[in-house]
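Asks: Take a look at this one; I'll ask things after.
The values are calculated or read from the model by the stated rules, or taken from the named source; none is laboratory data. Worth saying up front: this structure is predicted, and the values here are computed from it rather than measured. Virtual Cβ from ideal backbone geometry, glycine too; neighbours counted across all protein chains shown.
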Amino acid sequence: MTEYQGRCHCGETEWTVKLGDEAHILCHCDACKILSGGENTLNQVAPQSDFKITKGKTNVYTYKGDSGNDVHCYYCPNCTAHAYHHQTVLGDKVIVRTSLLQGAKKFPVAAEIFGKDRLSWQPELAKTFQGPPE
C-alpha cells in the first residue's frame with residue numbers, strides 16, 4: 001500500500017489515501033458525467049479507514065445510485081471538487097477521485113465501469129464492465 005496526497009482545486013481541502021494499485025478505474029456512469037462535466041471520472045476503491053482529511057473539511061450530499069442505495073458525495077465547500085464518494089452498497093469502502101492525487105498523471109487505466117453509458121465516440125482503454133465490477 002502506498003500513501004498518496006490529494007487536494008481540491010482551491011487547496012482548502014487536502015487528504016491522504018492508501019492505495020494498493022497505482023491505477024485509474026474510469027467510470028462512465030451518467031452521474032459521474034454530470035458531476036464532472038466530462039466524459040468520465042478517474043477513480044480507485046479504498047477502505048474508508050485508509051482515507052483521511054488532513055486539511056479543511058468536506059460537505060456532503062446524497063443521491064440514489066443505480067443499485068437504489070445511497071451514494072454520499074464528499075466535496076470541498078469552497079470549490080466543490082469531489083474528493084471521494086461512499087456508495088453504501090460497498091460497505092466500508094470509498095471511491096476516491098484519483099485525478100486529484102499527486103502523481104496521478106502517470107497512473108495507467110486498469111479498468112472501465114458502466115461501459116453501457118460510455119459516449120459513442122470514446123475508445124475502450126481497458127477491460128470494461130457494462131455496469132459496476134462483478
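Asks: All but one of (1) of a type in the set (Lys, Arg); (2) touching a helix residue (DSSP H, G or I) at 6+ places or on another chain (Cβ under 7 Å); (3) exposed (fewer than 12 other Cβ atoms within 10 Å of the Cβ) hold for residue 93, so report the exception by its number.
Replies: (3)
Asks: So which of 35, 100, 90 ends up being among the hydrophobic types (A, V, I, L, M, F, W, C) and modelled with pLDDT of 95 or more? Step through it out loud before you land on a result.
Replies: On the way: 35 fails: modelled with pLDDT of 95 or more; 90 fails: modelled with pLDDT of 95 or more.
Just one listed residue meets the conditions, 100.
Asks: Right, something else. Got a number for residues in region 70-83 being in contact (Cβ under 8 Å) with a residue 60 or more places away in the chain and closer than 19 Å to residue 47 by Cβ?
Replies: Matching residues across region 70-83 total 1.
Asks: Moving on to the next point. Suppose we filter region 88-110 for residues that are without any contact (Cβ under 8 Å) to a residue 60 or more places away in the chain, part of a helix (DSSP H, G or I) and of a type in the set (A, V, I, L, M, F, W, C); how many remain?
Replies: 2
Asks: Would you be able to tell me the number of residues in region 32-47 that are outside any strand (DSSP E or B) and either of a type in the set (Gly, Ala, Ser) or closer than 17 Å to residue 116 by Cβ (or both)? Before you say what the answer is, go through the steps one by one.
Replies: Here is the first cut: in region 32-47, the ones outside any strand (DSSP E or B) are 32-40.
Restricting the remaining residues to those that are either of a type in the set (Gly, Ala, Ser) or closer than 17 Å to residue 116 by Cβ (or both) gives 32-34, 36-40.
Qualifying residue count, region 32-47: 8.
Asks: Just one of (1) within 21 Å of residue 34 (Cβ to Cβ); (2) out of contact with any Asp or Glu (no Cβ under 9 Å at 6 or more places or on another chain) trips up residue 105, so point out which.
Replies: (1)
Asks: Separate question: Just a yes or no: is a residue in region 118-127 farther than 17 Å from residue 22 by Cβ and surrounded by 18 or more Cβ atoms within 10 Å (Cβ to Cβ)?
Replies: yes
Asks: Restricting the search to region 1-31, which residues are assigned to a strand (DSSP E or B) and either surrounded by 16 or more Cβ atoms within 10 Å (Cβ to Cβ) or among the hydrophobic types (A, V, I, L, M, F, W, C) (or both)? Quick ask: steps written out before the conclusion?
Replies: Initial filter on region 1-31 (assigned to a strand (DSSP E or B)): 2-7, 14-19, 24-27.
Matches in region 1-31: 4, 6, 7, 14, 15, 17, 19, 24, 25, 26, 27.
Asks: Given the criterion touching a residue at least 12 places away in the same chain (Cβ under 8 Å) and either assigned to a loop (DSSP other than H, G, I, E, B) or in contact with a strand residue (DSSP E or B) (Cβ under 6 Å, 6 or more places away or on another chain) (or both), identify the matching residue among 52, 116.
Replies: Numbers: 116 fails: either assigned to a loop (DSSP other than H, G, I, E, B) or in contact with a strand residue (DSSP E or B) (Cβ under 6 Å, 6 or more places away or on another chain) (or both).
The conditions single out 52.
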